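In what follows, a structure is listed as structure tokens, so that the remarks can point back to it.
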Amino acid sequence: MVMGVFADSLSAQPSGATYATAASPEAGGTTLLGYGTIGTPNDAVGNKPNNNSATLRADGLGRSAAILLSFTNERLATPAAPVTIYVRTDINALTHSNVISVVGFRATGTAITTNPFKNYSLADGTIFLAITLTESFKAVKITLNNTGTNDLVRIYYAFHSENATNTSNPYPFNAGDCGLPNVTTKEDAAVLLGRFTVNNPVNAIDGDTVTHSSFATNGLSLGNTKIRQTFFFNSYSNESDAVRIVISRSGSLVALNLATNIELKAYNGETLVSTTQLANDLLSADLLGLLNNDKRVTFYYYPKQTNGQAFIFDRLELSLNVAVLGVNLAANALNVHDVRRVPGAPSVPVTNTVCTNVGSILLTAASALEGVVNSLSFNWYTGLRGGNSLITNKQYTPTGMTATGSRTYYVDVTKPGCPLPSARHQVNLNVVNAPSTPPINLIP
């Protein structure tokens, strides 16, 4: 299936967005230790969206800085119809996410008990903190507690949307769909002797395979500790789609140990549809060798049910089980350079026989996207990776096979207007001598 997409840019809000219209600053602290500071609070409301912002600073023990952003009208929310509030902020909010809280408030001024906020990073660098409420609300309060630094956290605005179709993505289905995620989130883990996090998460969705997000820690792993990064695609997949992932290794971890503790999960909305271990299912020996040499490694993940049936998905979670590694990573352990949904590899019979007296064979590729997506492009190669295309066509006829032996070709498929193809499908040709013609005995 192919879902429709909106043409809005990533920096535009969902249609029908309702913005907070009043701001109240709240500085916390003591006369002895000092207070947090809130700068230009009214810049977080007004003619939104724009790039004006309030600032929060809590640079000492016992200090806090908060801003309450109120909407003009109370918004109805129920468990059956939850509503998500998004707060646009900056990269410092991700850096200090362990000392930030985001809480909804009723019209009566009392706080609403909610789950911890989620963070969403867009490819253009925009960052949101979000909470989903299941009861009516009128305001949201963002609090920054002592950061131990002089860092400012900027609060640009808060909004909820009447027309949001996805409570966990402020920009659902709003960009041309060539498989690049439009939003990513990270989930940190704090432990007794340090903190595990994903640094620069947006670098994994910026379309540049040189830049990367980094799974890192400044402490020793204790207990069941995982670092997670989730990628939200612009639309639902087709059933045959795969996810192309580019990773590299940093530090002294053995590639096999690292890959064994990387888990991939595909979701359709909030429903888990597929789980796999990287080393067990996806990385061949030669790719593990490249990973051990700190090279960028590209592999493909096909979300499927346990019976092999393909699933429709709209997001991917990549997690690293740091607890099982049982070491102080001290720096980046895993780098994620790119995540992209691509077509599944085309199909051609894997093994084909060619007779030397014929010397050629017609190969025809097929894709599950045919009849769903028009103008697919098929390219044929002599190698699994790299090299120039032999021909761009659904069909290819290798010739000159007049001696016994074997040949191997590869074919991929690309959606129109998209930069990245599928994985390559291997096609083996066995060249054999023509069968002997048996003699004919003539009986007079």
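The values are calculated or read from the model by the stated rules, or taken from the named source; none is laboratory data. All values derive from a computational prediction rather than experimental measurement. So basically every Cβ, Gly included, is an ideal-geometry build from the backbone, and we count neighbours across all protein chains shown.
In the set LEU220, LEU258, which member is at pLDDT 65 or above and in contact with a strand residue (DSSP E or B) (Cβ under 8 Å, 6 or more places away or on another chain)?
On the way: LEU220 fails: at pLDDT 65 or above.
Sole residue among the options that is at pLDDT 65 or above and in contact with a strand residue (DSSP E or B) (Cβ under 8 Å, 6 or more places away or on another chain): LEU258.
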**OP:** Return the only residue of ALA423, ALA365, ALA333 being under 29 Å from ILE245 (Cβ atoms) and in the same structural domain as THR260 (by TED's automatic domain parsing).
**Re:** ALA333
Original post:
Considering the stretch 110-161 alone, what residues qualify as being part of a loop (DSSP other than H, G, I, E, B) and among the hydrophobic types (A, V, I, L, M, F, W, C)?
Top reply: PHE117, ALA123, LEU152
Original post:
When both residues are 6+ apart or on different chains and their Cβ atoms are under 9 Å apart, which pairs have a first residue that lies in the stretch 296-308 and is among the hydrophobic types (A, V, I, L, M, F, W, C), and a second that is surrounded by fewer than 16 Cβ atoms within 10 Å (Cβ to Cβ) and in a loop (DSSP other than H, G, I, E, B)?
Top reply: PHE299/SER284
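Considering the stretch 56-74 alone, what residues qualify as being at negative phi and assigned to a loop (DSSP other than H, G, I, E, B)? Step through it out loud before you land on a result.
From the stretch 56-74, those at negative phi are 56-61, 63-74; that's our starting set.
ALA58, ASP59, GLY60, LEU61, ARG63 - these are the residues of the stretch 56-74 that are at negative phi and assigned to a loop (DSSP other than H, G, I, E, B).
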Original post:
Taking interchain pairs and intrachain pairs at least six residues apart, which have beta carbon atoms under 8 angstrom, with the first residue in the stretch 83-94 and more than 16 Å from ASN51 (Cβ to Cβ) and the second of a type in the set (Lys, Arg)?
Top reply: VAL83/ARG75; LEU94/LYS186
Subject >> the stretch 96-119, subset surrounded by 12 or more Cβ atoms within 10 Å (Cβ to Cβ) and among the hydroxyl-bearing types (Ser, Thr, Tyr), residue modelled with the highest pLDDT >> reply: SER101
Subject >> Per-region count, the stretch 372-413, residues in contact with a strand residue (DSSP E or B) (Cβ under 6 Å, 6 or more places away or on another chain) and β-branched (Val, Ile, Thr) >> reply: 6
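Those residues that are surrounded by fewer than 20 Cβ atoms within 10 Å (Cβ to Cβ) and outside any strand (DSSP E or B), I need them from the stretch 75-91; list them, please. Walk me through how you get there before you give the answer.
Looking only at the stretch 75-91, we keep the residues that are surrounded by fewer than 20 Cβ atoms within 10 Å (Cβ to Cβ), and these are 75-76, 78-82, 90-91.
Across the stretch 75-91, the qualifying residues are LEU76, THR78, PRO79, ALA80, ALA81, PRO82, ASP90, ILE91.
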Subject >> Residue satisfying all of: in the stretch 8-46; part of a loop (DSSP other than H, G, I, E, B) and among the polar types (S, T, N, Q); modelled with the lowest pLDDT among these >> reply: SER9
Subject >> Residue match in the stretch 414-425 (condition: charged (D, E, K, R), surrounded by 12 or more Cβ atoms within 10 Å (Cβ to Cβ) and more than 27 Å from the chain's Cα centre (by Cα)) >> reply: no
Original post:
Is at least one residue of the stretch 72-95 of a type in the set (Lys, Arg), farther than 27 Å from GLU187 by Cα and either in contact with a Lys or Arg (Cβ under 8 Å, 6 or more places away or on another chain) or modelled with pLDDT under 85 (or both)?
Top reply: yes
